[in-house]
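The values are calculated or read from the model by the stated rules, or taken from the named source; none is laboratory data. Keep in mind that what you see is a predicted model, and the values were worked out from it rather than measured. Every residue, glycine as well, gets a Cβ built from its backbone with ideal geometry; the counts of neighbours run over all protein chains shown. For the accessible areas, the whole protein counts, side chains as well, though only heavy atoms, and no ligand, DNA or RNA atoms are used. Shrake-Rupley method; radii C 1.70, N 1.55, O 1.52, S 1.80 Å.
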Amino acid sequence: MATEVIGLRRRWRQKLIVWARRYVPAEIAGTVCAFIGTAVIYGLFTDRVLAAVAGTVGEIVGFYGLIATVEWRRERARGYGLRRTTTSTARLLLAEFGVIEVLDSTILRPFFMYLGPGLTGGMGSGTLLGKLMADVAFYGVAIVSYELIRRRRKERAGAEEDTVELTRRVEDEITQPIPLQPGAARIPAQRKAGPRAKARKGLPGRTVRSSA
């Protein structure tokens with residue numbers, strides 16, 4: 001029982017490290033862009049609604065800009081062409097963030113970022129609170145999608161490895177000589193006829209004359 005608990009903690013610790021490496025840098029970039037967008041628009045128009053929308057747009061640009069760059073470079077490093085790299089990156093991001101991003105950008109995040117300042121009484125602290133509440137909903141769905149993508153990648157990689165191994169075994173069986181079973185007769189190899197033998201084959205047969 002204790003061993004299972006230790007193993008479970010270790011697996012969860014590894015997952016947290018993977019999630020942190022993927023999302024924390026992008027989250028920092030998104031947070032910076034969100035604060036910049038909110039501060040600029042609120043300073044110009046003194047409108048909480050416009051400031052909330054600007055913060056949302058700024059966070060989208062910062063967050064996905066960094067993640068898209070990382071994924072694009074990773075796909076490019078596999079030797080893909082420019083078109084395939086771009087298509088693969090877009091497909092991965094859509095599978096991981098597509099559904100939750102639509103809900104987050106149109107409903108959840110603007111609502112929470114509008115609600116935050118009203119709860120705290122300050123624009124800066126309210127923006128941070130609204131962002132944290134929206135992040136809880138966002139990452140709850142995004143992490144599940146990411147884990148499903150990782151599982152499919154591992155299954156696909158395992159299937160490809162099995163195919164390569166099977167192909168290698170078949171090639172080895174074709175190229176290697178087949179061992180004879182015990183007691184099986186060996187077929188003697190035919191010897192090439194030398195020049196003298198070929199000359200004998202070309203001579204006419206001798207006729208034996210009978211004595212009278």
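Here are some notes:
- Full extension of the chain between residue 149 and residue 8 gives 48.6 nm of extra length, using 0.36 nm per residue less the Cα-Cα distance.
- Label-to-label distance, residue 76 versus residue 44, with points set 7 angstrom from Cα along the beta-carbon direction: 3.1 nm.
- Over 13 Å [Cα-Cα, region 9-69], rounded percent: 62 percent
- Take region 1-150 with all the other protein chains still there, run a 1.4 Å probe, and you get 59 Å² of accessible area per residue.
- For the pair residue 68 and residue 93, label points projected 7 Å from Cα toward Cβ lie 0.3 nm apart.
- Surface share of carbon and sulfur [accessible, 1.4 angstrom probe, percent] for region 63-105: 63 percent
- Highest-first packing order for the peptide set 43-50, 28-35, 108-115 is 108-115, 28-35, 43-50, based on the mean count of other beta carbon atoms within 10 Å.
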